[in-house]
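The values are calculated or read from the model by the stated rules, or taken from the named source; none is laboratory data. What you see is a predicted model, and the numbers here were worked out from it, not measured in a lab. Ideal geometry is used to build each Cβ from the backbone, glycine not excepted, and the neighbour counts take in all protein chains shown. SASA here: full protein model, heavy atoms, side chains in, ligands and nucleic acids out. Shrake-Rupley method; radii C 1.70, N 1.55, O 1.52, S 1.80 Å.
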Amino acid sequence: MQSVPSMSTHQTQDWCDKAQQLAETFALTAMENDQQDKFVAENYAALKRDGFMSAMIPASLGGGQASYTEMCTVLRTLAKGCSSTALALSMHSHLVATNLWKLKQGHAVQGLLQRISAEQLVLVSTGASDWLHSSGRAEKVAGGFRVNALKVFASGCPVGDVLVTSACFDDPEKGPSVIHFPVPFSDPGIVIMDTWQTMGMRSTASNDIQLNDVFVPVEKVVMQRPQGLWHPFYNVVCAMAAPLIMSVYLGIAEAAATLVVDRVKYKKHDPHLPYLLGEMQTSLTACQLAVTDMIRLVNEFDFLPSDNLASDILQRKTIAAEAALRCVEKAMETLGGSSFFRSIGLEKLLRDMHGAQFHPLPEKRQQHFTGSVMLGLVPKG
């Protein structure tokens, strides 16, 4: 793999200003990429060139020293130019953020973070689709495990360097388990399948990935847990992932609102228009408040993971997702019939927005999770 220069030259840049510049460039091809189901490879090249893969990593490890809050703003800004680019980047970013939390707890992750900085490695996750039960099968062999699995929703996989995934393992002593591990995409057993033809977020290339007899050395297994049970580390995952991901959908909602306001000003004397705009803006404000409070709870990695914190984060995720979708739906109603034309761009934003409901946890599962925590029960997730 060809390395790129250390990102130390980017340590002092204004990440939010740079994201705004890139968003304006990405917007020029977003519609074409969407209509062709084309992955945003050129956008990723630009992101890597400017050091965004390591933006949050400390300068001492070669990164860009951006705060967690800044990274949320970066994703929110990029989403206004190309929502697929922002969403795919959020998947990499939450894996980096999780390792940064581990770094603050004293875990030995410096080597990985330095490699991400030096080589602008792209991390690809299958965690949301695997969740508590995982999928596939890991068989114990000499020195490690042999894994066969089909993984779905692997955003950004065409340019991925490391697959962060898991597999089921029938531990003869501990019972049904799940092992978590990274695998380089250079492994000959990894096959990317061209399956991502979807309603929205078409340019994330969240294809299925087949793992065929992939060998995982035992020292690469980072965690083994009971299958299907809530594990305390998921409290960290929820806190790290949800605000970054929902910042993308907030950016989409803001883009829709801006688009509509610019287009309806000419008919500001329409007696119905204030009601429609007021409804749209109120939903947008609810989304902004929910996402802002999620970021507050993360407190720049200074939090204690708990079931209660995960519940608080996930409640706000549901509020943000519902409010963002209402905002874009109301934007279409406000604009009227012309919003149905693809050339306007609003229907694309609506299609992309529908992805918000599928990120962990979907509404009903979140409500069950929250209710269980309130009763002192072990949450199901």
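So the values come out like this:
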{"quantity": "Pairs with Cβ under 7 Å, 6+ apart, first in the stretch 263-292 and free of Cβ contacts under 8 Å to residues at least 12 places away in the same chain, second open to solvent by less than 30 Å² (accessible area, probe 1.4 Å) and in a helix (DSSP H, G or I)", "calculated": "LYS267/LEU273"}
{"quantity": "Residue count, the stretch 369-381 (criterion: in contact (Cβ under 8 Å) with a residue 60 or more places away in the chain and either in contact with a strand residue (DSSP E or B) (Cβ under 7 Å, 6 or more places away or on another chain) or open to solvent by less than 50 Å² (accessible area, probe 1.4 Å) (or both))", "calculated": "3"}
{"quantity": "From the options LYS380, LYS330, LYS348, residue that is of a type outside the set (S, T, N, Q) and modelled with pLDDT under 95", "calculated": "LYS380"}
{"quantity": "Helices (runs of 4 or more DSSP H) lying entirely in the stretch 62-147 (those with 2 or more residues that are open to solvent by 10 Å² or more (accessible area, probe 1.4 Å) and β-branched (Val, Ile, Thr))", "calculated": "68-79"}
{"quantity": "Residue that is modelled with the highest pLDDT [pool: residues in the stretch 148-159 that are surrounded by fewer than 18 Cβ atoms within 10 Å (Cβ to Cβ) and within 26 Å of LEU87 (Cβ to Cβ)]", "calculated": "LEU150"}
{"quantity": "Boolean, GLN366 is part of a helix (DSSP H, G or I), under 30 Å from TRP230 (Cα atoms), open to solvent by 30 Å² or more (accessible area, probe 1.4 Å) and not basic (Lys, Arg)", "calculated": "no"}
{"quantity": "Unique residue being assigned to a helix (DSSP H, G or I) and in contact with a Leu (Cβ under 8 Å, 6 or more places away or on another chain) when the list is GLY278, GLY381, GLY355, GLY371", "calculated": "GLY355"}
{"quantity": "Output for the stretch 310-347, where each listed residue is open to solvent by less than 30 Å² (accessible area, probe 1.4 Å) and within 17 Å of LEU250 (Cβ to Cβ)", "calculated": "ILE313, LEU314, LYS317, THR318, ALA320, ALA321, ALA323, ALA324, CYS327, VAL328, ALA331, LEU346"}
{"quantity": "Selection count, the stretch 156-185, where residues are within 18 Å of the chain's Cα centre (by Cα) and assigned to a loop (DSSP other than H, G, I, E, B)", "calculated": "3"}
{"quantity": "Options LEU95, LEU100; residue that is touching a strand residue (DSSP E or B) at 6+ places or on another chain (Cβ under 7 Å), at pLDDT 95 or above and under 20 Å from ASP302 (Cβ atoms)", "calculated": "LEU95"}
{"quantity": "Qualifying residue in the stretch 143-163 (condition: among the polar types (S, T, N, Q) and over 27 Å from SER203 (Cβ atoms))", "calculated": "yes"}
{"quantity": "Selected residue (only one of MET201, MET223 is closer than 19 Å to ALA108 by Cβ, of a type in the set (A, V, I, L, M) and open to solvent by less than 60 Å² (accessible area, probe 1.4 Å))", "calculated": "MET223"}
{"quantity": "Scan of the stretch 128-142 for residues that are in contact with a Ser or Thr (Cβ under 8 Å, 6 or more places away or on another chain) and not small (Gly, Ala, Ser), ordered by number", "calculated": "ASP130"}
{"quantity": "Candidates LEU304, LEU284 - the one that is among the hydrophobic types (A, V, I, L, M, F, W, C), more than 30 Å from GLU173 (Cβ to Cβ) and assigned to a helix (DSSP H, G or I)", "calculated": "LEU284"}
{"quantity": "ASP213 modelled with pLDDT of 95 or more and among the acidic types (Asp, Glu)", "calculated": "yes"}
{"quantity": "Cβ-Cβ under 8 Å pairs, at least 6 apart or on other chains, the stretch 150-174 side polar (S, T, N, Q), far side assigned to a helix (DSSP H, G or I)", "calculated": "SER155/LEU87; SER155/ALA88; SER155/MET91; SER155/THR204; THR165/GLY127; THR165/ASP130; SER166/GLY127; SER166/ASP130"}
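Results for (1) open to solvent by less than 50 Å² (accessible area, probe 1.4 Å); (2) among the small types (Gly, Ala, Ser); (3) under 21 Å from PRO362 (Cβ atoms), shown as yes or no for each residue.
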residue: HIS269; (1), (2), (3): no, no, no
residue: PRO274; (1), (2), (3): no, no, no
residue: LEU277; (1), (2), (3): yes, no, no
residue: MET280; (1), (2), (3): yes, no, no
residue: LEU284; (1), (2), (3): yes, no, no
residue: VAL291; (1), (2), (3): yes, no, yes
residue: MET294; (1), (2), (3): yes, no, yes
residue: ASP302; (1), (2), (3): no, no, no
residue: ASN308; (1), (2), (3): no, no, yes
